[in-house]
Amino acid sequence: MFSSEVRLFGIREEPYIIGIYLPTGAYLSTQRLPKIIQPQSAPYGAASIVFPTEIEQDSVIFKDNTATRDTMQDRVHTHANGKRWTLDHPELGTGTLPITPYLSAEYFEQERQKIFTRTWISTGKKVEEIPQPGDYLVLDIAVGKTSVLLVRGKDGRVRGFHNVCKHRGNRLAWKDRGACGTGLMCRFHGWTYAADGRLIGVPEEDMFFDFDKRDYGLSPVATDVWEGFIFINLDPDPPETLHQYLGEVVDLLRGYAFDRLPLSWSYTAEQKCNWRILRDSQLEFYHGKALHQQFAGKVMINKQQPSCHVLDAKLFRRHSMMSFYGDRRNTQRTPMELLMAQFGASFKTFPGMRDMDRWPLGVNPTRSRQWFFDIYYIFPNFHLVILSPFLFVAHTMLPETVNRSTWNARGYFPQPTTAAESVTREYNKCLARDVWLEDGSTLENTQRGIESGVLSQYPVQDQELLIRHAHKVAEELLANDGQAG
Amino acid sequence: MADTRLPEPFADLEPLAAVWALATETERNQQRLSSTMAQIQAFYDTLLPRMEAVLTYLSTFPPEPPAALPQEARRLLYLALAMAEITTAVELHQQPSVPAGFDPQRFIPDHERTKR
């Protein structure tokens, strides 16, 4: 991308640029910069630098001071050759990671007790899947040793309950989805519950002793919603709300089209592997050039930074994000690809950069024209992959046992308006599915590989920073008995 | 489906439709995986020059559910969806299946179940 204007975004304070490196290697101090423009209404502060001649945007290295002016601490800000994101987080170190958490049944039991049953976990479901009062979904949460009933009440609110009749403990709802109308009745003795969990019907109630229906409502499961995604917390008394738990992610992604892109495809696979193997497989894109060579190889080529494909990385208290370099215009414009773009859209070659300045702050946060996609990892089991304003992917991963996991991969894509657009949607779906089949190929093989005992540790590359961070988050939760550190 | 035909302008594609105009992703994917690359390439090569006309024709019809379409248009839609299915085999993988990929029969398309 050649331009005479280089734009800076995502700077938290007024940018205080002390100099830049030009592609030639020459250094320009502030005094010698041609012109700096400060836009009027940039939310986090932004600047444009206008050069007298066209330059390649990614070849400019900024040195700035966005910390404090007092320290005048120079640091490379964006797109810097030699940048190591991990070194911004010295608390994480650069050492190897242990294999034990991926293999040990004892470790998994600790994770089960102190993470998966103590923190907010994604169900992967969205509120529109239970649109009417009385509509319900049933989720078997093996890691919590329970079945959870998600039901929309007459008041429109989505509630969660243990799917257990309070009489003798039978499973209440047997189908994985349905509509309970005036009540949900247990097949065992006919006890009936309202959508808000109240026990409303007990056959031959007068035959019980000292009995009050109010004492036998369904046991609630903490349930909350963010951008339409339903989360649960098996801790009966969560120490923080879902929005508190999500923290900065809420602001960074506010305004994205989560409410306008319908669920368009969803695949589920049982995997004979530890949940961390599954989780890690979608937590870095170091693998893109190799595993997804046909789809992503050419897109990822960056002459300025041949080894680094990360535009930005942000680590939060629990969660994390990474933004990836890629120029989808570099991929081969195959005949069908061109047709799909003509009659609809294809995320393979068209990122849809129009109106980028108005995107949520957290989507393509560096506002690079060479933006491929962003990964948001919501600890512990939810990945949002934002590939375009018109396509995002949601992965929900849940452990079953130490070496079995469930992977649900979903695509959210615009609703077709014609039968031709149904075809373009199918094309996007098949493309995403085939990429996921490549991802899936590694999982059970990796499990077998580490079970062989050949590996004693994982070396972690800079672009696998999110894996390193996720390990630290889990270690802290296990050390603090599941409490936020 | 046997007594249904493609819309008249696409009648010459009937031999392809007889094999590929299948109603579900699972069926289309199974057809892809049980075909040789030569068969898939022949399907692609035959339909590609007509694909713009197919999509232009389908642009005049509402989207899914396919049941909302007239039978002939629906058959053409199924054929075009099969083209979307095999495109990655031709344009990306150069073989019917994803190379060394995860077993697609274990990658369950929930969206098909929900639609029914």
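When the residues of the range A:425-454 are filtered to those that are of a type in the set (S, T, N, Q) and more than 8 Å from every other protein chain (Cβ to nearest Cβ), the one that is surrounded by the fewest Cβ atoms within 10 Å (Cβ to Cβ) is A:S452. Looking only at residues in the range A:289-319 that are in a helix (DSSP H, G or I) and more than 10 Å from chain B (Cβ to nearest Cβ), which one is surrounded by the most Cβ atoms within 10 Å (Cβ to Cβ)? Only one residue fits best here, namely A:A296. Filtering B:P63, B:P109, B:P70 for residues that are more than 13 Å from the chain's Cα centre (by Cα), free of Cβ contacts under 8 Å to residues at least 40 places away in the same chain and at the interface with chain A (Cβ under 7 Å from one of its Cβ atoms) leaves a single hit, B:P63.
The residues in the range A:224-239 that are surrounded by 14 or more Cβ atoms within 10 Å (Cβ to Cβ), of a type outside the set (A, V, I, L, M, F, W, C) and under 17 Å from A:D481 (Cβ atoms) can be counted, and the count is 3. Only one entry of A:F161, A:F231, A:F211 meets the criterion of being within 30 Å of A:W275 (Cα to Cα), of a type in the set (F, W, Y) and touching a helix residue (DSSP H, G or I) at 6+ places or on another chain (Cβ under 9 Å), and that entry is A:F231. Within the range A:198-223, residues that are farther than 20 Å from A:D235 by Cα reach partners that are among the aromatic types (F, W, Y) and in a loop (DSSP other than H, G, I, E, B) with beta carbons closer than 7 Å, at six or more positions or on different chains, in the pairs A:L199/A:W191; A:G201/A:W191; A:V202/A:W191; A:E205/A:F211.
For the range A:212-222, which positions are part of a loop (DSSP other than H, G, I, E, B) and surrounded by 12 or more Cβ atoms within 10 Å (Cβ to Cβ)? Those that are part of a loop (DSSP other than H, G, I, E, B) and surrounded by 12 or more Cβ atoms within 10 Å (Cβ to Cβ): A:G217, A:L218, A:S219.
For the condition surrounded by fewer than 22 Cβ atoms within 10 Å (Cβ to Cβ), touching a residue at least 60 places away in the same chain (Cβ under 8 Å) and part of a helix (DSSP H, G or I), B:A38 does not qualify. The single condition from (1) away from every other protein chain (no Cβ under 11 Å); (2) within 28 Å of A:T331 (Cα to Cα) that B:T4 fails is (2).
Against the definition (within 9 Å of another protein chain (Cβ to nearest Cβ) and either in a helix (DSSP H, G or I) or at positive phi (or both)), how does B:T87 come out, yes or no? Yes: the conditions hold for B:T87. For the range A:405-424, a residue qualifies if it is out of contact with any strand residue (DSSP E or B) (no Cβ under 7 Å at 6 or more places or on another chain) and more than 7 Å from every other protein chain (Cβ to nearest Cβ), and the qualifying residues are A:P414, A:Q415, A:T424. Among the residues making up the range B:90-107, those that are in a loop (DSSP other than H, G, I, E, B) and aliphatic (A, V, I, L, M) are B:V98, B:A100. Within the range A:275-287, is there a residue that is within 14 Å of chain B (Cβ to nearest Cβ) and among the hydrophobic types (A, V, I, L, M, F, W, C)? Looking for residues that are within 14 Å of chain B (Cβ to nearest Cβ) and among the hydrophobic types (A, V, I, L, M, F, W, C), one finds at least one in the range A:275-287, hence yes. The residues listed here are B:R32, B:R75; of these, the one that is within 12 Å of chain A (Cβ to nearest Cβ), surrounded by 20 or more Cβ atoms within 10 Å (Cβ to Cβ) and farther than 17 Å from A:Y427 by Cα is B:R75. Every residue in the range B:90-103 that is touching a Leu at 6+ places or on another chain (Cβ under 6 Å) and either facing chain A (nearest Cβ under 8 Å) or at pLDDT below 95 (or both), please. Correct list: B:V98, B:G101, B:F102.
When the residues of the range A:139-158 are filtered to those that are assigned to a strand (DSSP E or B) and under 23 Å from the mean Cα position of the chain (by Cα), the one that is farthest from A:E270 (Cα to Cα) is A:V158. Only one entry in A:Y256, A:Y267 is of a type outside the set (G, A, S), more than 14 Å from chain B (Cβ to nearest Cβ) and out of contact with any His (no Cβ under 6 Å at 6 or more places or on another chain), namely A:Y256.
Consider the range A:118-145 and keep the residues that are β-branched (V, I, T) and buried (at least 19 other Cβ atoms within 10 Å of the Cβ). The one that is nearest to A:G449 (Cα to Cα) is A:V143. Of all residues being under 21 Å from A:E284 (Cα atoms) and in contact (Cβ under 8 Å) with a residue 60 or more places away in the chain in the range A:328-348, which is surrounded by the fewest Cβ atoms within 10 Å (Cβ to Cβ)? Just the residue, please. Among those that are under 21 Å from A:E284 (Cα atoms) and in contact (Cβ under 8 Å) with a residue 60 or more places away in the chain, it is A:F347. Considering only residues that are within 14 Å of another protein chain (Cβ to nearest Cβ) and of a type in the set (V, I, T), which ones fall in the range A:320-365? The answer is A:T331, A:T334, A:T349. Given the residues A:T401, A:T334, A:T406, A:T396, which is the only one that is within 30 Å of B:L77 (Cβ to Cβ) and of a type in the set (S, T, N, Q)? Every option except A:T334 fails the conditions. Here A:L278 fulfils each of the conditions (1) within 14 Å of the chain's Cα centre (by Cα); (2) over 25 Å from B:E25 (Cβ atoms); (3) part of a helix (DSSP H, G or I) apart from (2).
Selection of the range A:325-354 for residues being more than 19 Å from A:Y412 (Cβ to Cβ), outside any helix (DSSP H, G or I) and at pLDDT 80 or above yields A:Y325, A:G326, A:D327, A:R333, A:T334.
The values are calculated or read from the model by the stated rules, or taken from the named source; none is laboratory data. What you are looking at is a predicted structure, and each value in this text was computed from that prediction instead of being measured. Backbone-built Cβ (ideal geometry, glycine too); neighbour counts: all protein chains shown.
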